[in-house]
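The values are calculated or read from the model by the stated rules, or taken from the named source; none is laboratory data. None of the values given here were measured: they were computed from a predicted structure. Cβ atoms come from the backbone with ideal geometry, glycine included; neighbour counts cover every protein chain shown. Accessible surface is based on the protein model in full, side chains and every heavy atom, while ligands, DNA and RNA are left aside. Shrake-Rupley method; radii C 1.70, N 1.55, O 1.52, S 1.80 Å.
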Amino acid sequence: MPSKIICLMLMFAVIAPCLPADELSQLQEAWVDKIIAPRHGEMQKMHEEISLYNLINGLHLTKQQIVAIVTLAQQAKEMRERYLGKGNDANAAALQQELNEMERLKQFAEQGKNVPASTPKGKRHHLRPNKSPKRAAVAAPPNMQHYQQELKRLESELDYVLIPAQKQVIEDFKPCLIPPKNLKNPVRIGQAKSNSHLSQWLTRIRNSKHEGYSLRLALQHLLKQAEKHQGSYKADERETILDKWEKGVAQARAMSDAEFEISKEELAQNLEPPDKKEKLQKIISNEIKTHNLPGKTAQFLLNPQIIPLLRDRLYLMLQNPNCNTQSERWQAESHCEDGSCTEER
Amino acid sequence: MSAEKYDATPTTPVLSDLSRRVFLERLARYGTAFATVPAAMHALGMISEEACAAMGLPKEVEFYEKLPNRKTKCHTCPTECEREPGKESECRTHNNKNGVLYTYAFNNPCILKTDPIEKLPQYHFMPGTTTLSIATGGCNMRCLYCQNWEQSQSPPEKLKTFPFDGAQAKEMALHKKIPTFAYTYTDPVVFFEYIKDLVKHTRPSGIRHVAASAAFMQEKPLLQLCQNLDSITVTLKGFSEEFYRKICGDRPLKPVLESLVTIKKSGIWLEIVNLVIPSYNDNMKNIKEMCKWIVQNLGSEVPLHFARFSPEYKMKNLPSTPIPTLEKAKEIAQAMGIKFVYLSNVAPHIGNNTYCPSCKNLLIERLAFQILQNRMTQGRCPRCGSKIPGIWDNAKK
Ligand SMILES: [Zn+2]
């Protein structure tokens, strides 16, 4: 950690308790501006990189596919720079226009009034997750439509590069730091362990002694956990879910051990609370399809950030024809006594 | 290698850990499971062996011989365990009680779950359907890479089990509209008597039965098993005596090859899976020999799956199988004339798909066990009309 940061941290720890409240809040703001904010972008970039690595690992790309994707991603990158360069002036004006519009919406929100029906539907794109106002504004210039068409064209070229099963994996992919089991490590033939989290908790709660009020409390706790991942629910939605869960637990308890064992996955699936984030994702992907906009394949594989990652992967595969990842290479080499691990078999 | 070396400690809750109070509570709650309660009560020391035996439980093993001095010799698998009274067989499911050999696997599964049939793997048998997978504790193999060792290396009475008899099985299958039962995860050879009973109860309702096995079994029981099954996936673990000796607990390869021929002759649907383990059985010359043997003895239409190894159990120090190794093995098998060669445990990969051997048309597209599209029409290639071997009608018999 750089010494400046350590000094600031120490200063904060030592001085903070002796300062009056307003000075303390000023110091906190400085802390956020100087240290947290710049690193936030760094973290976001790293999150994106890890996510892309997880996707690459799950796709099992061949060397030829990597070469083709890098070529297309490079074209997409150049095109993006070209368009953004051209559109900068337009973007600045568009950004101002967007800000004005948001100011107007803010007033409605502050006053608790409904937004007039006349508000253009196009304003909906503010609701897209991870979309900063700045990036949303960039979508506004007139040449943006052309840019999206071009990106869509490059994406359709990827159709010839990927097999349908790989496209399915991309379609199902959710950016993640820790890859889900079915991506990097699909459930293997003949492997017994594959119970979902939901069926595991259902088993636990079925076998627990929770009844009545105590059961409701336990379920409330579980719902809180679920909301962390799936977005929060309104009070009435919450009650509906809890009622459904209570019935589910009663149903599970009425079953014999054997029947529960066979039915638990299905039962758990039926009890799954609606995933709000996923619902929103579906709405967005439907919009994308209806308007023929670039989809998830472009989002991930034509992302400029993927280029160095894929180049590294290709270099590794060319060095050792029997390995797809660095860890495979290390493991193969640690078990190889005669150098045969680097020979084509 | 001695069996003692592979003593695995079960991590799942053991039956004997249950207090009597909990046990009695469960007994009251699951009255329907009465058929196996005596076995559990016996395991808890609550009723005598004699009373338990009088109720028909645990079940007497079908293929064994009584020797002098109340010793027994099992004839289910080629291990032929000779046991003195009170001693357990290698498979951990059989036990000599006073000169009679009993199986503790009967009606006593530790795994009951629904799975896609493709997970066995079975790619040419009722594709896209769901099966009820059943397994009991114990196994007659000692594979160092076993992914289900917690179940396979424990006797049934040391595992959490779910009493499930033939009558319940029939009711469940009809209620849940399950078209097949799959005996998998641990080797069905060790719960052969249980399978026969489940088949007896459910076959009249049209339920079909499949198994995944190492086929390390004696001919007589194997023939009976085949009569009870509609389809089987045999794990041909390697193609050398040395591999079976070193990795599978000192078992010989020869009986497995004989079993494969017996199964093929029996007429039930057969698929073979070969787990490719880096530096142990990934020698391409050896793979070529195996493919040659398959073509010569079983024909070119038996689907062959090359499965990717993942570090498990006592082979955690090895890397996963490199995908290029699996691709090379597939190429060799195809060059040797095997018409349907698949790659398992790697997805997405074109090796998951079924192609027409005549016109190379894509017939079934898969993402691991999931079917993305099935273009076959009544078991034929829609382009050239070639008949594709397998059981394609997904309805009950
Ligand atoms: Zn054809």
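Observations on the model:
- Any chance B:GLU80 is open to solvent by 20 Å² or more (accessible area, probe 1.4 Å) and at pLDDT 95 or above: yes
- Count of region B:126-155 residues which are away from chain A (no Cβ under 13 Å) and over 16 Å from the mean Cα position of the chain (by Cα): 6
- Scanning region B:258-313 for residues that are hydrophobic (A, V, I, L, M, F, W, C), within 21 Å of B:TYR145 (Cα to Cα) and buried (at least 16 other Cβ atoms within 10 Å of the Cβ) yields B:ILE272, B:VAL273, B:LEU275, B:VAL276, B:ILE277, B:ILE287, B:MET290, B:LEU304, B:PHE306, B:ALA307, B:PHE309.
- Qualifying helices (runs of 4 or more DSSP H) (wholly inside region A:220-300; at least 3 residues being modelled with pLDDT under 85 and within 30 Å of A:MET144 (Cβ to Cβ)): A:276-290
- Test: B:ILE391 is β-branched (Val, Ile, Thr), touching a Phe, Trp or Tyr at 6+ places or on another chain (Cβ under 8 Å) and more than 11 Å from the ligand (Cβ to nearest atom): yes
- Options B:ILE294, B:ILE338, B:ILE277, B:ILE287; residue that is touching a Cys at 6+ places or on another chain (Cβ under 9 Å), in contact (Cβ under 8 Å) with a residue 12 or more places away in the chain and more than 16 Å from the ligand (Cβ to nearest atom): B:ILE338
- Scanning region B:237-275 for residues that are touching a Pro at 6+ places or on another chain (Cβ under 8 Å) and not in a loop (DSSP other than H, G, I, E, B) yields B:GLU241, B:TYR244, B:ARG245, B:PRO255, B:GLU271, B:ILE272, B:VAL273.
Per-residue answers, yes or no, for (1) in contact (Cβ under 8 Å) with a residue 40 or more places away in the chain; (2) more than 20 Å from A:VAL161 (Cα to Cα); (3) touching a Gly at 6+ places or on another chain (Cβ under 8 Å):
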{"site": "B:THR321", "(1), (2), (3)": "yes, yes, no"}
{"site": "B:ALA347", "(1), (2), (3)": "no, no, no"}
{"site": "B:TYR355", "(1), (2), (3)": "no, no, no"}
{"site": "B:CYS359", "(1), (2), (3)": "no, yes, no"}
{"site": "B:PHE369", "(1), (2), (3)": "yes, yes, no"}
{"site": "B:ASN374", "(1), (2), (3)": "yes, yes, yes"}
{"site": "B:GLY379", "(1), (2), (3)": "no, yes, yes"}
{"site": "B:ILE388", "(1), (2), (3)": "yes, yes, yes"}
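- Restricting the search to strands (runs of 3 or more DSSP E) fully inside region B:128-226 and requiring at least 2 residues that are crowded, with 23+ Cβ neighbours inside 10 Å and without any contact (Cβ under 8 Å) to a residue 24 or more places away in the chain gives an empty result.
- Annotation note: Cβ proximity below 7 Å between a residue of region A:241-264 that is away from chain B (no Cβ under 14 Å) and a residue that is surrounded by fewer than 22 Cβ atoms within 10 Å (Cβ to Cβ) and of a type in the set (Val, Ile, Thr) (sequence gap 6+ or interchain) occurs for A:VAL249/A:ILE205.
- Only residues that are modelled with pLDDT under 75 and either in contact with a Ser or Thr (Cβ under 6 Å, 6 or more places away or on another chain) or open to solvent by less than 50 Å² (accessible area, probe 1.4 Å) (or both) were counted in region A:28-60, giving 1.
- Identity of the residue in region B:342-388, of a type in the set (S, T, N, Q) and at the interface with chain A (Cβ under 9 Å from one of its Cβ atoms), that ends up farthest from the ligand (Cβ to nearest atom): B:ASN345
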